[in-house]
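Below: one structure, written as structure tokens.
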């Protein structure tokens, strides 16, 4: 029974990882662009949720949508004011620009919110569901379900809709897409908005379960990159599977070998898998 | 030639100042050199301790008969030295160990202080005490906790504050008293973050538990940056100890309390070793799921009218804040130092050292929850201890030992079932 509990816990944690990483892999898939500020977007999503709860009141639906919308706008603004220009520069300046953005956002948050840990007041999502002795905390459960839904939603958006085709067209051949009447800037701004919006939702859901400070993006950021690399860069379903796998391995290895070994096990398996399959689980070779 | 004139002037001026201070201070004042981090990262702690030392000097230098058995409070100045006053010389080491070393040297050789005190950061105490040892000047370590500050064979270094092993012993005394009262404590678990802090405290607790033959059901080291602690909580649930001791930082201690609630695990008692459990964000985050969790503090304001309450009022009048555990531990060390100087009856360093070595303060002479002040041959106070406090409603209340308790201990802890 304890083992089932560990497995369930690992999968729920994995769903959070997947949720966190979906926006990151989206930007890579659309633009071949690594956004180092993604963790900070999630962090801002968490603070937006806190401000909504403290100032306006309201449940997870209210602050979830607010965080998603606020971050969507931020994503578009970041694209139009920064990314659009550095895209013309060399690869190194692209990498460093979002790295600089990450530091800017993190230290601005330190300045505004201070370094103290904060957490959401208990919300309606604070209970635990007991299914045959296996306990599932509601916040993680909701986060898990939304992570799966969001992943499918993004996947369908990219593969089944006109907007998705246009996004993919721009990522494949910007020039040809322009000739077809697609406005690349508009499409890529949309991709940034979607990515940051997903980060906002992730932040809102994580805020229910975790205490955080402005440096939270750093803590989850590394895991997010591993998830994206393991799942295959640019593959949204890959991020979901990779997130679940990493959560599960972490849970099991912490339980069997002790918590200080869990990251060793995860990264050892990660390196081994990349050796066998460098493109990741579901990436294109 | 011009290059030599300035240093010459400085030498003459310094000599004059020293001569003058020597004349005026020989009989009436004892100079105490104090180095603390008054700027930099730990400036808040240094400034708070500075204010505490100034309050202590005021208590000693002026007559405060209202403060009961506190040594040197009743009289103005040091009675054995004809009412000599204490003069405090503060210096700021900014948290820098090599600066602390330089300042200790300067205080001894130039300011001619009679004794030294400091230095908050253990690393700074470590270097500064070595200087005092070399010059043969008594050094009182106010509150630095690293084990290696004493135990280097030094003769001139004394430490008033409890260290990790004292906290561990306090927990064991608490357990044996609880057992006598019929509470079931058949095993404990120790959960520690895995850097120096958590590891050393956990080591001390496991050692003491072995001596007190209390079985340690599980020792779980983990990384404080963990984003998930459910595996640890499940492990605890499986071992089912009667008390779980957490040596944790902020985010992780909050995460533990929330995860325990989520996984429906509530041991009879949880003890947090200060740090994360004392962080200002801890109570607002988990007050409704961690009712009855215990924590430690050697300082308690006490009931209105008590000596500690009056000391706190004096401190509050000066700073606008209540006295905190860190500053209070420094203040207690300061009192112990002043008591020894008075008994020495002289500013002769060797006499002060001997008096320090013979220090034997009783609990009623202290402002802190120690069992006394008495130094062993390494200079460590062997009677240092701490109070235990318990989260009841939205604040910590002093619950143990019973002689000092403000409210009754709630055992088992209520957690969220309230």
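Taking the criterion of being at the interface with chain A (Cβ under 10 Å from one of its Cβ atoms) and within 27 Å of residue B:174 (Cβ to Cβ), the residues of region B:220-233 that qualify are B:220, B:221, B:222, B:229, B:232, B:233.
Here is a yes/no grid of residues against (1) modelled with pLDDT under 95; (2) surrounded by 21 or more Cβ atoms within 10 Å (Cβ to Cβ); (3) more than 24 Å from residue B:104 (Cβ to Cβ):
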site: B:5; (1), (2), (3): yes, no, yes
site: B:12; (1), (2), (3): yes, no, yes
site: B:45; (1), (2), (3): yes, no, no
site: B:49; (1), (2), (3): yes, yes, no
site: B:67; (1), (2), (3): yes, no, yes
site: B:82; (1), (2), (3): yes, no, yes
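For every residue, the table says whether it meets (1) surrounded by fewer than 22 Cβ atoms within 10 Å (Cβ to Cβ); (2) in contact with a strand residue (DSSP E or B) (Cβ under 9 Å, 6 or more places away or on another chain); (3) within 26 Å of residue B:345 (Cα to Cα).
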| position | (1), (2), (3) |
| --- | --- |
| B:85 | yes, yes, yes |
| B:89 | yes, yes, yes |
| B:94 | yes, no, no |
| B:99 | yes, yes, no |
| B:105 | yes, no, yes |
| B:111 | yes, yes, yes |
| B:114 | no, yes, yes |
| B:118 | no, yes, yes |
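Out of B:351, B:395, I need the residue that is touching a helix residue (DSSP H, G or I) at 6+ places or on another chain (Cβ under 8 Å), assigned by TED's automatic domain parsing to the domain that holds residue B:181 and surrounded by fewer than 24 Cβ atoms within 10 Å (Cβ to Cβ). Which one?
Values: B:351 fails: assigned by TED's automatic domain parsing to the domain that holds residue B:181.
So the residue among B:351, B:395 that is touching a helix residue (DSSP H, G or I) at 6+ places or on another chain (Cβ under 8 Å), assigned by TED's automatic domain parsing to the domain that holds residue B:181 and surrounded by fewer than 24 Cβ atoms within 10 Å (Cβ to Cβ) is B:395.
The residue of region A:208-222 that is farthest from the other protein chains (Cβ to nearest Cβ), among those that are at pLDDT 85 or above and in a helix (DSSP H, G or I), is A:217. Within region B:239-258, the set of residues being facing chain A (nearest Cβ under 8 Å) and touching a helix residue (DSSP H, G or I) at 6+ places or on another chain (Cβ under 6 Å) comprises B:250, B:254.
Among the residues making up region B:217-228, a single one is closer than 23 Å to residue A:119 by Cα and either modelled with pLDDT of 90 or more or part of a helix (DSSP H, G or I) (or both): B:222. Only one of the numbered conditions (1) under 20 Å from residue B:341 (Cα atoms); (2) modelled with pLDDT of 95 or more; (3) outside any helix (DSSP H, G or I) is not met by residue B:91, and that is (1).
Matching residues to (1) at pLDDT below 95; (2) in a helix (DSSP H, G or I); (3) buried (at least 19 other Cβ atoms within 10 Å of the Cβ):
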| position | (1), (2), (3) |
| --- | --- |
| B:305 | yes, no, no |
| B:322 | yes, no, no |
| B:341 | no, yes, yes |
| B:369 | yes, no, yes |
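Against the numbered list (1) within 12 Å of another protein chain (Cβ to nearest Cβ); (2) not in a helix (DSSP H, G or I), residue A:33 comes up short only at (1).
The residues in region A:4-16 that are touching a helix residue (DSSP H, G or I) at 6+ places or on another chain (Cβ under 7 Å) and either at the interface with chain B (Cβ under 9 Å from one of its Cβ atoms) or surrounded by fewer than 24 Cβ atoms within 10 Å (Cβ to Cβ) (or both) can be counted, and the count is 9. Might you let me know whether region B:275-293 holds any residue that is more than 17 Å from residue B:164 (Cβ to Cβ) and away from chain A (no Cβ under 14 Å)? Among the residues of region B:275-293, at least one is more than 17 Å from residue B:164 (Cβ to Cβ) and away from chain A (no Cβ under 14 Å), which makes the answer yes. I'd like to know if region A:146-168 contains one or more residues that are exposed (fewer than 13 other Cβ atoms within 10 Å of the Cβ), more than 14 Å from every other protein chain (Cβ to nearest Cβ) and part of a loop (DSSP other than H, G, I, E, B). Yes, region A:146-168 contains a residue that is exposed (fewer than 13 other Cβ atoms within 10 Å of the Cβ), more than 14 Å from every other protein chain (Cβ to nearest Cβ) and part of a loop (DSSP other than H, G, I, E, B).
Apart from one condition, residue A:26 fits all of (1) at pLDDT 90 or above; (2) in a helix (DSSP H, G or I); the exception is (1).
The values are calculated or read from the model by the stated rules, or taken from the named source; none is laboratory data. Predicted model only: the values in this text are computed from it and were never measured. Cβ sites come from the backbone with ideal geometry, for glycine too, and all protein chains shown count toward neighbours.
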